[in-house]
Amino acid sequence: LATEMQRDPRVVIFGEDVADCSKEENLENVKGKGGVFKVTHGLQSSFGSTRVINTPIAEGNIVGRAIGMAMRGLKPVVEIQFFDYIWPAFHQIRNELATMLYRSNGRWAAPVVIRVTYGGYLRGGGPYHSQTGATLFAHTPGLRVVLPSTAEDANGLLRTAIRCDDPVIFLEHRELLTAKTAVPEQDYEIEFGKASIMREGRDLTVVAVALMCHRAIEAAERLEPEGVSIEIVDPRSISPLDTETILQSVAKTGRLLIVDEAFGPCGVGAEIAARVADSGFDDLDAPIRRLTGAFTPTPYSPTLEKAVVPQVEDIVTAIHNLMNE
């Protein structure tokens with residue numbers, strides 16, 4: 001965010017609590033907030049209060065304002081504090097933002113990036129701080145939907161998001177915001193629609209989304225002493241979706257397990273399964289299987305939450321079952 005703000009004076013950031021403080025004259029006396037997860041900490045001090053702005057708790061206002069600013073030539077990067085509260089803005093996103101280029105016959109672009117924290121495993125977040133639902137945005141024509149699983153990918157994908165002229169839903173899993181990995185110092189972008197092979201294997205392909213990539217890697221490491229070799233594919237973006245890389249992996253291994261924290265019905269896993277069934281059926285040695293979150297609101301109880309979102313043990317069991325089919 002900082003390097004893009006330095007590069008392009010059109011980039012502005014706003015949302016709930018994204019600034020260090022609401023009154024610039026108090027900056028010397030407070031540590032500064034910079035968002036609930038500190039992602040934007042220090043940006044107001046560096047770039048001023050005209051480019052890093054706190055907003056009311058009004059998600060429809062945040063996105064609606066961003067659309068107008070983008071149409072006038074700015075590059076808004078807005079933050080929705082939790083995915084659970086993006087729904088008041090869904091009308092603006094679905095009916096205004098995503099359709100702007102189409103409705104104007106290409107005259108008006110709306111290059112808005114919407115950063116939003118999502119996902120469970122909060123252990124007590126319950127139904128209002130643990131939601132997923134990327135599939136609803138992937139089902140919307142005109143939107144790019146991105147779900148990085150590493151700091152390096154988040155860095156390159158966010159740079160691509162800010163520089164492109166399409167609206168982007170940039171989903172940041174809460175469990176990954178504390179993950180730290182080295183990132184290249186140079187100016188680099190990661191193309192949308194290009195999956196990453198996080199781990200090479202020969203016996204079974206796991207396509208995992210965001211945090212589930214790390215759960216899948218742990219499962220694969222547990223299975224390695226048994227002689228089971230797992231290949232893990234991270235789509236990185238689901239709109240567009242890199243079907244070709246997934247098909248190539250399935251052609252090598254003959255088996256496919258899709259792991260997604262979100263609900264199963266009408267989800268990302270269902271779309272991936274349909275594409276592989278359409279174009280890679282002859283390469284399959286067993287049925288396509290999905291492991292997803294339970295079709296229920298996230299419970300407040302940590303014990304119950306553990307039961308409704310995929311765990312490493314669940315992935316190991318699913319792989320064992322699929323290897324025996």
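The values are calculated or read from the model by the stated rules, or taken from the named source; none is laboratory data. Just so it is clear, the model here is predicted, and its values are computed rather than measured. Note: ideal-geometry Cβ built from the backbone for every residue, glycine included; neighbour counts use all protein chains shown. Side chains included, ligands, DNA and RNA excluded: accessible areas come from the protein's heavy atoms. Shrake-Rupley method; radii C 1.70, N 1.55, O 1.52, S 1.80 Å.
Helix 268-279 versus the longest principal axis of the chain: what is the Cα-based angle in degrees, 0 to 90, to the nearest 10? With both axes taken from Cα atoms, the answer is about 50 degrees.
The 3J(HN,Hα) values that the Karplus relation (6.51, -1.76, 1.60; θ = phi - 60°) gives for the stretch 14-24 are, in residue order, 8, x, 6, 6, 6, 6, 6, 7, 6, 10, 4 Hz. Gly and Pro appear as x. Along the positive direction of the dipole of the stretch 60-147 (beta-carbon charges: Lys, Arg +1; Asp, Glu -1; about the Cα centre), which of 74, 93, 112 reaches farthest? About the Cα centre, the residue reaching furthest to the positive side is 74. Computed from Cα atoms, the angle from the helix 312-323 axis to the main principal axis of the chain rounds to 40 degrees.
Per DSSP H run of n ≥ 4, the term is -39500 (n - 2.57); total these for the chain, divide by its residue number, and report the mean residue ellipticity at 222 nm rounded to 500 deg cm²/dmol. Taking each H run of at least 4 residues, the total per residue is -9000 deg cm²/dmol. Only protein heavy atoms count here; on that basis, with a 1.4 Å probe, residue 139 has an accessible area of about 150 Å². The dipole here belongs to the stretch 67-165: it is taken about the Cα centre, uses +1 on the Cβ of Lys and Arg and -1 on the Cβ of Asp and Glu, and is about 300 debye.
In this structure the stretch 203-325 gives 43 Å² per residue of accessible area when probed at 1.4 Å with all protein chains present. Largest GNM mean-square fluctuation across 142, 201, 106, computed for the chain with C-alpha springs under 10 Å, falls on 106. By the rule of a C-alpha distance below 15 Å, with chain neighbours fewer than 8 residues away ignored, the aspartates and glutamates paired with residue 38 are 16, 17, 20, 79, 172, 175. Find out how many positive minus negative residues lie around residue 30, taking Lys and Arg as positive, Asp and Glu as negative, among other residues whose Cβ is under 15 Å from that of residue 30. In short, -1. Only the Cβ atoms of Lys and Arg (+1) and of Asp and Glu (-1) were treated as charged; on that basis the dipole of the stretch 112-271 about its Cα centre amounts to roughly 340 debye. Tally the DSSP beta bridges in the stretch 172-325 and give the antiparallel ones as a percent, rounded to 5. Close to 25 percent. Descending by average beta-carbon neighbour count within 10 Å, the peptides 107-120, 62-75, 237-250, 289-302 line up as 107-120, 237-250, 62-75, 289-302, the highest first. For the set 23/75; 180/252; 194/306; 31/180, the pairs lying more than 27 angstrom apart at their alpha carbons are 180/252; 194/306.
Selection among 251, 209, 272 by position relative to the dipole of the stretch 202-279 gives 251 as farthest towards the positive end (Cβ unit charges, Cα centre).
Counting only Cβ charges, +1 for Lys and Arg and -1 for Asp and Glu, the dipole size of the chain around its Cα centre is about 1000 debye. Label sites at residue 177 and residue 244, each approximated as a point 7 angstrom past Cα along Cα to Cβ, lie 3.6 nm apart.
Each of 188, 102 has its accessible area taken with a 1.4 Å probe; listed largest first, they run 102, 188. For the stretch 196-325, the gyration tensor built on C-alpha atoms gives an oblate shape. Its axis ratio a/c (a ≥ b ≥ c) is at least 1.5, and a/b is not larger than b/c. Based on the alpha-carbon gyration tensor of the stretch 123-218 and its eigenvalue square roots a ≥ b ≥ c, which shape applies: rounded if a/c is under 1.5, prolate if not and a/b is larger than b/c, or oblate? Here the stretch 123-218 falls in the rounded category. Can you send over the solvent-accessible area of residue 313, 1.4 Å probe, protein chains only, in Å² to the nearest 10? For residue 313, solvent-accessible area is about 90 Å².
Of the solvent-accessible surface of the chain, computed with a 1.4 Å probe and all protein chains present, 50% belongs to carbon and sulfur. Between 0 and 90 degrees, the angle of helix 211-223 with respect to the longest Cα principal axis of the chain falls at about 30 degrees. Taking all protein chains as shown and a probe of 1.4 angstrom, residue 38 keeps an accessible surface of around 100 Å².
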